[in-house]
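Let me begin by presenting the structure, written as structure tokens, before commenting on it.
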Amino acid sequence: MRLAIKKLDVLRIAGQNVELVIDQSTISGWTKFYPLPKDMLPGVTQKNTACAHCEIPINGAYTRMSIGKVCDPCRRDYMEGKWS
């Protein structure tokens with residue numbers, strides 16, 4: 001437990017949002033803490049935030065697919081075979 005707190009403190013000092021670090025580890029089922037990807041750091045703007053399928057800006061969740069980032073509604077359509 002003490003090592004986990006120390007790791008979180010190191011990540012916090014490095015500019016990481018420890019709440020998001022904990023969420024990332026919990027959601028992923030990890031037993032350790034890892035730095036957030038650069039696109040999740042505060043103040044970082046993402047390039048190409050439009051859906052690769054419908055080209056509407058992505059403001060929420062997305063999935064990385066072979067064509068690029070795809071918004072959730074397009075992903076659902078793809079999974080249901082509705083893409084032409």
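The values are calculated or read from the model by the stated rules, or taken from the named source; none is laboratory data. Remember, predicted model here, so these are calculated numbers, not experimental data. We place every Cβ from the backbone using ideal geometry, glycine too, and count neighbours over all the protein chains shown.
Per-structure values
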read-out: Pairs where the first residue, in region 12-23, is in contact (Cβ under 8 Å) with a residue 24 or more places away in the chain and the second is of a type outside the set (A, V, I, L, M, F, W, C) and surrounded by fewer than 13 Cβ atoms within 10 Å (Cβ to Cβ), C-beta under 8 Å, 6+ apart; value: Gly15/Pro42; Asn17/Pro42
read-out: Residue match in region 13-29 (condition: modelled with pLDDT of 85 or more, in a helix (DSSP H, G or I) and over 24 Å from Thr63 (Cβ atoms)); value: yes
read-out: Those residues of region 31-56 which are at pLDDT 85 or above, outside the structural domain of Lys69 (by TED's automatic domain parsing) and surrounded by 10 or more Cβ atoms within 10 Å (Cβ to Cβ), in sequence order; value: Phe33, Tyr34, Pro35
